[in-house]
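First the structure, in the form of structure tokens, and then the observations on it.
The values are calculated or read from the model by the stated rules, or taken from the named source; none is laboratory data. Everything numeric here is computed off the predicted structure, so don't read it as measured data. Note: ideal-geometry Cβ built from the backbone for every residue, glycine included; neighbour counts use all protein chains shown. Accessible surface areas use protein heavy atoms only, side chains included; no ligands, DNA or RNA. Shrake-Rupley method; radii C 1.70, N 1.55, O 1.52, S 1.80 Å.
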Amino acid sequence: MNADKKIIIFLCFCLALGKNFFSESKTVVLGGKTGWPELSFKDGVTFGRGRFGYQAVELSTNARSVTDGTDLLLDFEKDGGEKEIFSDKRGNYTVQSNSLLSSPKSVMGHHSALSRGNGKGLVLKGNERSVFGRQGGTGSWTIEFWLCPAIAENGERVFEWHSSRIVNDYVLFQMIEASFFNNRMQWNFTNVFDGMPDNKGEVTLLSYSALIPNKWSHHEISYDEESGLLECKIDSKVEALKYITEGGREGKTIYQPVLGEVAPISIAPAYTGCVDDFRILSRVTDSSEPRNLVYDKYKVDGGRFESLPIMTSPGSVVDSVQIVDNVPPQTEIRYYVRGGDNFYNWNESEPKWVRVQNGQEIAGVKGRYMQVAADLFPDGAGRNTPSVTEIKINYTEVPPPTAPFSVRARPGDGMVDLSWSYSVDENAGGYYIFYGNRPGEYLGTDADQGPSPIKVDNITSFRLTGLKNGAIYYFAVSTYSKEESQISGSLSNEAYARPGR
């Protein structure tokens with residue numbers, strides 16, 4: 001038996017099995033050793049460290065962000081570059097001096113500020129738009145931050161503002177200070193509230209909860225100009241409060257805070273430990289933040305990411321996904337894929353997302369483009385996050401069908417009759433006829449049937465009319481797939497003819 005007959009028998013055997021012998025399995029990898037590419041959509045997620053030390057997608061911590069009411073925000077993250085770690089994200093305060101260090105020990109985000117108690121901390125000066133950058137009344141405000149003290153010794157100070165104010169030609173010393181007293185947080189205000197006669201203008205709020213070394217706690221002090229309420233909270237629980245009013249009772253004359261000479265604020269001026277997400281608001285609460293979410297490390301409603309559309313070839317079929325992830329108890333990750341031929345028309349719901357499982361076979365997802373998405377959910381307490389280290393997308397790329405073995409051209413009066421052999425490819429759905437006036441350049445427009453290329457059915461001959469007598473034409477034929485006409489293979493051998501009477 002000669003070689004040609006063996007090839008024909010082998011091809012017939014493949015056709016009998018109903019398979020495309022020339023299909024090719026391929027894989028696209030997101031993450032892993034090479035890291036994650038740019039994502040088309042990212043909400044509530046960030047990049048961290050996953051399995052094997054590789055970069056992974058995980059939930060963002062419930063960190064503060066700049067809103068309309070933000071006066072100062074220090075998140076101590078490195079996203080903006082090394083020089084911007086200790087900068088005010090709001091832009092109202094500038095750094096005058098700094099002895100704090102960046103620390104990976106954080107409660108929100110990936111970094112916090114570390115104070116060793118051997119400097120002046122972080123000294124900031126506010127501009128005229130800021131609470132501490134102008135003289136006069138402050139209105140309502142909130143100061144909040146996370147603390148993780150190393151020892152919590154008496155006298156340690158985590159915030160201070162010192163200034164002076166002239167009243168009736170008399171200079172009054174002013175102070176706002178947060179310090180430790182008997183392992184508790186104490187807030188002191190001196191001559192801050194205008195006209196207050198009690199205690200020589202001094203107000204002190206002392207928490208009843210003790211601070212525990214090496215444990216994160218959230219601290220908040222706020223003043224409400226509508227009621228005169230000064231309130232101290234730790235981990236969302238009210239620790240101490242006073243009405244800065246006549247007689248210290250609600251509904252009486254309110255003594256409003258008034259600041260004198262503009263002076264800088266100092267964060268962790270005499271403190272040993274970590275500080276995270278230090279923020280000042282120009283109001284009591286931020287309405288954009290639900291109170292039941294404020295102190296969870298991760299938002300309980302989770303986050304989502306979507307990859308950019310991945311281009312393969314027309315007709316590609318997604319077979320499965322192989323995932324390397326980490327899913328702690330009570331957390332969850334849900335994966336999705338979708339595919340289509342033109343991603344410019346895609347939206348949130350079309351093409352439809354198909355829920356997939358790690359390693360399981362996928363049905364009904366195909367096209368020139370594919371996309372992967374995942375929803376990540378923390379545990380119910382918002383303390384743990386899952387992470388995705390790598391996603392391998394396994395797909396089958398169907399090569400374009402083979403071209404006809406030979407093409408013949410017979411000229412006539414203003415026309416050419418073309419004929420060719422059938423493609424031996426089982427996936428052949430029809431043919432494209434290319435024509436033009438130069439070898440290898442098929443840019444013809446003369447034929448009555450239309451410009452090159454002309455799409456025809458699964459036939460083996462075709463007549464082109466409307467051609468110019470005396471002009472030479474070159475022809476080639478390609479085969480397109482019965483699955484998708486956009487899948488077109490290589491060109492056949494070239495034939496030529498010169499129409500004439």
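General observations
- For the stretch 419-460, the alpha-carbon coordinates run over 31, 21, 16 Å along the three principal axes, in decreasing order.
- Per atom type, the stretch 136-181 shows carbon and sulfur on 54% of its accessible surface, probed at 1.4 Å.
- The base-10 log of I(q)/I(0) for the stretch 172-262, evaluated at q = 0.12 Å⁻¹, reads -0.39 [Debye formula, identical scatterers on Cα atoms, solvent excluded].
- Global form of the chain, assessed from the alpha-carbon gyration tensor, a/c cut-off 1.5: prolate
- Reported to the nearest whole Å, the Cα centre-to-centre distance from the stretch 376-403 to the stretch 189-252 is 50.
- Between the C-alpha center of the stretch 436-452 and that of the stretch 48-122 there is a gap of 64 Å.
- Residue-averaged 222 nm ellipticity for the chain, from DSSP H runs of 4+ at -39500 (n - 2.57), nearest 500: -1000 deg cm²/dmol
- Cβ-based charge dipole, the chain, positive-most Cα from TRP146, ILE472, SER488: ILE472
- Burial order of peptide ranges 476-484, 403-411 (average beta-carbon count within 10 Å, highest first): 476-484, 403-411
- Against the rule of thumb 2.2 N^0.38 Å, how large the Cα Rg of the stretch 177-320 comes out: 1.56
- Computed Rg/Rh of the stretch 106-244, alpha carbon atoms with Kirkwood Rh: 0.96
- Size of charge dipole - the chain - debye, nearest 20, with Cβ of Lys, Arg +1 and Asp, Glu -1, no other charges: 1500 debye
- R0 of 35 Å, Cβ-Cβ distance TYR170-LEU101: FRET efficiency to nearest 0.05: 0.25
- Based on protein heavy atoms only, the chain ends up with 49 Å² per residue of surface accessible to a 1.4 Å probe.
- Packing here is the average count of other Cβ atoms within 10 Å per residue, and on that basis the peptides 52-64, 125-137, highest first, run 52-64, 125-137.
- Between helix 3-16 and the chain: long-axis angle, C-alpha atoms, 0 to 90°, nearest 10: 50 degrees
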